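Provided herewith is a single structure, encoded as structure tokens, for subsequent inquiry.
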Amino acid sequence: MRMTAANILTLSRLVMVPLFVVAFVMGHKVWALVLFLVAGLTDLVDGLVARMLGQVSRDGAFLDPLADKLLMESCFLALALVGILPWWFFGIAFARDAMIMGGIIYLEKARAIFAYRPLWSSKLATVFQVAVGVLGLVQWWRPEGWDVMIPFFGPMLVVTTVLIVISWIQYFRTGLSLLRQNSRVRSS
């Protein structure tokens, strides 16, 4: 793997995931929140950095969604375990992410020709997922001030869930289309 600025940001996010989990498990609430925030910010900027500096790479395009999914699912699982997030939300987010990563692995093994490109719905879902993670971690850290946020958290979960499901459907359709295109190319 070529060590570009974007790949370094992605790798730093991969390193922050276990650090976040350890901070959460140890009850270091501020550290868990800070690590999640920093990792979430790297997720929002690494692709932009890669495009701006002309450092888009296939390795980075694979590692970025992997790091993103590990970060989000670690946070959502932790927040579900302590009762802040509902289990159905974790289940939907996990199922979509597992389908995406499984689809990428399947397409790679099938030697399908495709570009790693996040869909608009996935980018928007990621922004909302980071916001849900931050709000959930703030509630875990400072539950006494949570009354002010309760009216916003439910609608935020609903919007995030809708975006997750939309991106799930779009990725599924895109994967099927790629498989059809690649099978036509091979048969001709």
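Every read-out reported here was derived from the displayed coordinates using simple, explicitly stated rules and does not represent laboratory data. A quick note: this is a predicted structure, and the numbers were derived from the prediction, not measured. All Cβ positions, glycine included, derive from the backbone under ideal geometry; neighbour counts span all protein chains shown.
Considering the convex hull of the alpha carbon atoms of the range 5-187, report its projected area averaged over all viewing directions, in nm², one decimal.
10.7 nm²
Right, another one. Could you tell me which residue out of Ala61, Phe128, Pro155 lies farthest along the dipole of the chain toward its positive end? Charges go on the beta carbon: Lys and Arg +1, Asp and Glu -1, centred on the Cα centre.
Ala61
List the lysines whose Cα sits under 18 Å from the Cα of Lys69, skipping any in the same chain fewer than 8 residues away.
The reachable lysines, counting only those whose Cα sits under 18 Å from Lys69, are Lys123.
Loop only per DSSP, at most 14 neighbouring Cβ atoms within 10 Å: give me the trypsin sites (Lys or Arg not before Pro) in the range 71-167, ordered by residue number.
Hits after loop and neighbour filter: Arg111.
Tell me the relative contact order for the range 5-187 as a rounded percent, counting alpha carbon contacts under 8 Å between residues six or more apart.
25 percent
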